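Shown next, in C-alpha cells, is the structure this report addresses.
The values are calculated or read from the model by the stated rules, or taken from the named source; none is laboratory data. What you see is a predicted model, and the numbers here were worked out from it, not measured in a lab. Here the Cβ positions follow ideal geometry from the backbone for every residue, glycine too, while neighbour counts run over all protein chains shown.
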Amino acid sequence: MRAPPPHFYNGLTCQKHHSNLQAIHMRTKRKFKASGYVVCWCVKLVEVWVELEPTTRKEKLEKKLEKIKTYKVDALDIPDAPLGVPKAFAPLMACYIQAVYGVKVIPHIRLLDINTNALLNIVGGLLFCGVDNFVILQGDQPKYGNPISELNTDDALQVIRSKYGDRVSVGCLVSLRKNVSEIVKRIVKDYDFFLLMRAVNENLEKIKVLRQIRADAKLIAYVIVCESENCKRLRSMLEGQPIVNVERVDEHLNNLVEYVDGILLSSPGSIDTIVKVLELLNEIGIL
C-alpha cells in the first residue's frame, strides 16, 4: 500500500457521496486504517484536471473560465493546435491564465512544430511566467506548412533536463492500446506525470503495472465525456478513442479512481458537458 497521496485532508468529514463511489471511500479508509493512518481523514480520491481548448477570443476564454471557476479543479490542461489547426499558442495562454486567474495550468508543447532551440526557448519562457508543469508531445500533423520532426518526445525530455533539471515537471502521453513492454519503455524515462489514453476497464491491469514501476509519478487518466447530442460527433472526430456518456461517468470512475492519481476531463467543443460532469463530481464528493 502506498503512503497517503497529498490529497488527504486532515480533520475533515466527507458528507456527500454517490452510492457507487462511497464504497471506494470506505475501502480506502479500511486500507489506511490497517496501515496505521487516521481513518477520520477525508480522502480526495483523485485530482481533477479540465482540458481548456485554446482560443484567439479573450471573451470566449473568459466565459469558459467563468463556468468552471466555482469548482475546485486542480489544473487546467491546455492543448496546442488540436488536430493540427493553429489557434492561440498554448504556452502563451497558460502564462496569461496563471497571471490573471491564479489557476494552475499545464500547457502542451508540440514538438512537430519546433526545433531544439525553440523548445528550450519556450520552456524558459514558461519558467519566466511561473509555469513549471507542461506536457511534451509530437502533436497532430500541422494543417499548414511542414513538420520539423527534429525531436522525438524522449529526446526532448533529455534536452529539457540537461538545461533545466528538476525545475520543471514534465509529462507525456501514454497510449494503453500498446502492449505492456512498449509502455514500460516509455514510463521508465524521467517523466514526472503521464496522461493515460484509453484508461478503460480492459486496460486496468496495464495501469497497475505502471503504478508498480513508477510509484513516484502521477498517473492522470484522460476521460473524454459526451452528451447524447454530441456523442456521435466526438466518436466520429476522435475515431477509436473511448468516449464516456455523462450518464455513465460515475460508473466509469468507480472502476478507475483506485488506480490513478487524477482524471483529465475532456469534451472537445463543449465546455458545458464538462461543467455537468464537474457538478456530478461535486455532488458525489470528489471535488
Suppose the filter is assigned by TED's automatic domain parsing to the domain that holds L176 and in a helix (DSSP H, G or I); does I207 pass it?
yes
Hits in region 239-287 (condition: in contact (Cβ under 8 Å) with a residue 40 or more places away in the chain, in a strand (DSSP E or B) and among the hydrophobic types (A, V, I, L, M, F, W, C))
I263, L264, L265
Checking L234 against (1) within 21 Å of A75 (Cα to Cα); (2) crowded, with 21+ Cβ neighbours inside 10 Å; (3) free of Cβ contacts under 8 Å to residues at least 60 places away in the same chain, which test does it fail?
(1)
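Residues being over 18 Å from V46 (Cα atoms) and either out of contact with any helix residue (DSSP H, G or I) (no Cβ under 7 Å at 6 or more places or on another chain) or at pLDDT 90 or above (or both): count how many of those fall in region 213-229.
Of all residues in region 213-229, those over 18 Å from V46 (Cα atoms) come to 213, 226-229.
From what is left, the residues that are either out of contact with any helix residue (DSSP H, G or I) (no Cβ under 7 Å at 6 or more places or on another chain) or at pLDDT 90 or above (or both) are 213, 228-229.
Count: 3.
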Please indicate, with yes or no, whether at least one residue in region 140-154 is within 29 Å of N255 (Cβ to Cβ) and among the aliphatic types (A, V, I, L, M).
no
Give me the residue from region 129-163 that is in a loop (DSSP other than H, G, I, E, B) and under 18 Å from M93 (Cα atoms) and, out of that set, farthest from the chain's Cα centre (by Cα).
G130
